[in-house]
Amino acid sequence: MKPRAWAAGVAPLLVIACAVALIGGWTHGFRAFTNFSIALLEAGPIPRPAPALPVIDERGSQWDVAAPSDRYRLVQAMYLRCPDGCPIAMSNLARVSVLLKDLIPSKLQVISLSVDHDPPEQLAAMWRAHGAHEGWSMASLVGPDSDATMARLGVWIFRRKDGLINHGLDAFLLDPSGKIVRIYSPDMRPVDMAAELRELTAALPSEARAELEPGARP
Amino acid sequence: MKGTALTWLLRGAWLAVTAALWLSPVDDWLDERMPRVMLLQMPAWFMLGWLAGRSRPRLLALVDPRGLGGFALGIITVNFWMIPRSVDAIGSSDVADGLLHLSLLSAGFAMSAGFPRLPFVAKAALAIQGTSMVFALGTFYSNYKALLCGSFSMAQQRELGGWLLRLSPLVLVWALGAGFRALLRESPAADAAPTVEPS
């Protein structure tokens, strides 16, 4: 084989091999192509215990969303100034809440978790604007490093130069023990999410209340 | 003499455009919005590389005799920068932004040697795939309910989708035109080809 002909065959193979290695590493083995999915992968497989999520809610109460409770909790990140993604996600949560109104709040608590330290009075205004549902809390994370806390949950957060915050919109389902047992993609239809939540929470007896840990929401 | 002057003028223009694209504030303006990154910045760097490669055919023939390596590099580089995580990196990191410039410049440079040597069928397949990708990405970005590239916004994602959908008929017309032109160019040669009678 002539050297130049050999080079002609080897060059594309070398390029392809390098590309497979590079793109494979960049996408965690071709499993995650967005920063949102990479944050989910890096947080670990489910089921896994959720990190402590200390919050202050629309009533000014402080509690830990991930502390053991007597019900499931559906948690989704948001912030009140968000111009596009959060309003869509919250309207989907509202739809899920309507579909599961017989389970909320006895078996399921829905929590919209602000990543922007929104104060309780503003959270309360948004809560009232969404119908002031008893089983739907709006809360802000408290503590010095809320972004690291959200990363441990599996939510990617990017604070843009213009002040907006881009973040993952996956909804995390925590079981009564505080383990993340399901992650719902933001493009999932509310009716499908509601059907699965109904099935999962069916196993939870409504009268059997788990031992509440200090810090859990009463 | 005139040819030399024109060559130097073109080289100067190429350098001026490259410098303008690399330096602020043009680069910052291009990085600011998702449609500008995907529809202006990426094609511009690729085309600059392509133009540079067209002026250095001997060098490319020496490094990549059949042009296949350049062709593979071009396709893979463009696809790498279509990954949402890569698009995010452009908006959030200056290093990634610099890598985008260099890699697309190199990809255009390398592909300028490989693409013209491809047979018509391969070019047509690439054109069909490219056209359908523009339409499919346009539909996807316009309708997907969640943010894909975290450095930008939903509004920009939909705006990009809208632009891709508007551009897709133009890309289709261009691809058909280029295909017909290539067919017409090939047909006289085919007619003139000597026929061998079976003995």
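The values are calculated or read from the model by the stated rules, or taken from the named source; none is laboratory data. Here the structure is a predicted model, which means the values were calculated and not measured. With ideal geometry, Cβ positions are generated from the backbone for all residues, glycine too; neighbour counts draw on all protein chains shown. Calculation scope for accessible area: heavy atoms of the full protein, side chains included, ligands and nucleic acids excluded. Shrake-Rupley method; radii C 1.70, N 1.55, O 1.52, S 1.80 Å.
Search segment A:24-49 for residues that are farther than 21 Å from A:Ile165 by Cβ and pair each with any residue that is open to solvent by less than 50 Å² (accessible area, probe 1.4 Å) and hydroxyl-bearing (Ser, Thr, Tyr) when their beta-carbon atoms are under 8 Å apart and the residues are at least 6 apart or on different chains.
Close Cβ pairs satisfying both conditions: A:Trp26/B:Ser86; A:Arg31/A:Ser37; A:Phe33/A:Thr27.
This table checks each residue for (1) touching a strand residue (DSSP E or B) at 6+ places or on another chain (Cβ under 6 Å); (2) aliphatic (A, V, I, L, M); (3) free of Cβ contacts under 8 Å to residues at least 12 places away in the same chain.
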position: B:Asp94; (1), (2), (3): no, no, yes
position: B:Leu99; (1), (2), (3): no, yes, yes
position: B:Gln129; (1), (2), (3): no, no, yes
position: B:Val134; (1), (2), (3): no, yes, no
position: B:Thr139; (1), (2), (3): no, no, no
position: B:Ser142; (1), (2), (3): no, no, no
position: B:Ala146; (1), (2), (3): no, yes, yes
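Hey, could you check segment B:81-92 for residues that are facing chain A (nearest Cβ under 8 Å) and open to solvent by less than 30 Å² (accessible area, probe 1.4 Å) and say which is nearest to B:Gly150 (Cα to Cα)?
Taking the candidates together, the pick is B:Asp88.
Considering only strands (runs of 3 or more DSSP E) fully contained in segment A:107-200, which possess at least 1 residues that are more than 14 Å from chain B (Cβ to nearest Cβ) and in contact (Cβ under 8 Å) with a residue 40 or more places away in the chain?
Hits in segment A:107-200: A:108-114, A:136-141, A:171-174, A:179-184.
Residue by residue through segment B:33-77, note down the ones that are open to solvent by 50 Å² or more (accessible area, probe 1.4 Å) and β-branched (Val, Ile, Thr).
B:Val63, B:Ile75
Would you confirm whether any residue within segment A:67-87 is open to solvent by less than 20 Å² (accessible area, probe 1.4 Å), in contact with a strand residue (DSSP E or B) (Cβ under 9 Å, 6 or more places away or on another chain) and facing another protein chain (nearest Cβ under 8 Å)?
yes
Among the residues of segment B:134-162, which ones are over 25 Å from B:Leu172 (Cβ atoms) and within 7 Å of another protein chain (Cβ to nearest Cβ)?
Matches in segment B:134-162: B:Lys145, B:Ala146, B:Leu147, B:Gly150, B:Ser151, B:Ser153, B:Met154, B:Ala155.
Within segment A:30-62, take every residue that is over 30 Å from B:Ala89 (Cβ atoms), open to solvent by less than 20 Å² (accessible area, probe 1.4 Å) and not in a loop (DSSP other than H, G, I, E, B) and give me the one that is farthest from the other protein chains (Cβ to nearest Cβ).
So in segment A:30-62, the residues over 30 Å from B:Ala89 (Cβ atoms) come out as A:47, A:49, A:52, A:54-62.
Remaining after also requiring open to solvent by less than 20 Å² (accessible area, probe 1.4 Å): A:55, A:57-58.
Still in the list and also not in a loop (DSSP other than H, G, I, E, B): A:55, A:57.
Details: A:Val55: 23, A:Asp57: 26 Å.
Selected residue: A:Asp57.
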